[in-house]
1. So LYS55 fits all but one of (1) more than 13 Å from the chain's Cα centre (by Cα); (2) modelled with pLDDT of 95 or more; (3) within 25 Å of TYR119 (Cβ to Cβ); what number is the exception?
2. For the stretch 149-157, check the following and say yes or no: at least one residue is under 30 Å from PRO65 (Cα atoms) and among the hydroxyl-bearing types (Ser, Thr, Tyr).
3. Open to solvent by 40 Å² or more (accessible area, probe 1.4 Å), at negative phi and either without any contact (Cβ under 8 Å) to a residue 24 or more places away in the chain or not in a helix (DSSP H, G or I) (or both): is that true of ALA106 in this structure?
4. Of the conditions (1) part of a helix (DSSP H, G or I); (2) over 22 Å from ASP162 (Cα atoms); (3) modelled with pLDDT under 50, VAL6 satisfies every one except a single condition; which number is it?
5. Looking at the stretch 115-179, what helices (runs of 4 or more DSSP H) fall wholly within it and have at least 2 residues that are among the acidic types (Asp, Glu) and in contact with a Cys (Cβ under 7 Å, 6 or more places away or on another chain)?
6. Which of (1) closer than 30 Å to LEU46 by Cβ; (2) exposed (fewer than 15 other Cβ atoms within 10 Å of the Cβ) is the odd one out, the single condition ILE177 does not satisfy?
7. Identify, from the list GLN158, GLN122, GLN109, the residue that is more than 30 Å from PRO74 (Cα to Cα) and among the polar types (S, T, N, Q).
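The values are calculated or read from the model by the stated rules, or taken from the named source; none is laboratory data. Note that the structure is a prediction, hence the values are computed from the model and not measured. No Cβ is skipped: glycine too gets one built from the backbone with ideal geometry, and neighbour counts run over all protein chains shown. Heads up: the accessible areas ignore ligands, DNA and RNA and are worked out on the full protein's heavy atoms, side chains in. Shrake-Rupley method; radii C 1.70, N 1.55, O 1.52, S 1.80 Å.
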Amino acid sequence: IMKFIVAVLSAMFVWASATSFPNPASAAPRAQPFKGLSKEEQAVLLPVQNAIAKKDWTSAQTLLPAALASAQSPAARYAVGRFQFETGIGANDVRMQAEGLDNLLASGQVPAADLPTIYRNQGVLAKNGGDKVKAEAAFARLAELTPSDPEALITLAQIKSDLKKPQEAVQLISRAIEM
């Protein structure tokens, strides 16, 4: 039985490694009208929004720290996160993409339908960046949100294995196999 489990685990890890992860660009949250912003927040966010619309990534990167510092409301934090993510994609800045996703989630304003995509991409960026603990947390949340997604379970199992948590990895793979 142990040889069978090891063979299945090996096959699943090979499958998970070969499975292409989604492109973070596909995680772009749906545009929402920015309601609930103060005049001050609007004044700081508008230039960033304009720079992004013009695909002027350098200007957007320069303007984002002030926007982040002035974002007090959840709506403003959502807007900054979205702008960071979009700018990170445009400027090919993975760190900024990850910060944008983190800020989107921290805002508490991400629509429930978008959460699985955001968590999946947060996990992928963390995993690719070597932050296995953050990747584990993101994929664990994804597995909670999409309990019938075997790919999420396999990826989480792989991360758990990397983190030297073999029992948890085996449980996740067993769940995925049952699906």
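1. Single failed check for LYS55: (3).
2. If we filter the stretch 149-157 for residues that are under 30 Å from PRO65 (Cα atoms), which is where we start, we get none.
No.
3. So ALA106 fails the test.
4. (2)
5. On the way: elements: 115-128, 132-145, 150-162, 166-178.
Of the helices (runs of 4 or more DSSP H) lying wholly inside the stretch 115-179, none has at least 2 residues that are among the acidic types (Asp, Glu) and in contact with a Cys (Cβ under 7 Å, 6 or more places away or on another chain).
6. Only one criterion in (1) closer than 30 Å to LEU46 by Cβ; (2) exposed (fewer than 15 other Cβ atoms within 10 Å of the Cβ) is unmet by ILE177, namely (1).
7. Values: GLN122 fails: more than 30 Å from PRO74 (Cα to Cα); GLN109 fails: more than 30 Å from PRO74 (Cα to Cα).
The match here is GLN158.
To keep it simple, each residue is scored yes or no on (1) part of a helix (DSSP H, G or I); (2) modelled with pLDDT of 75 or more; (3) under 18 Å from ILE118 (Cβ atoms).
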position	(1), (2), (3)
PRO22	no, no, yes
ALA31	no, no, yes
GLY36	no, yes, no
ALA43	yes, yes, no
GLN49	yes, yes, no
TYR78	yes, yes, yes
ARG82	yes, yes, yes
THR87	yes, yes, yes
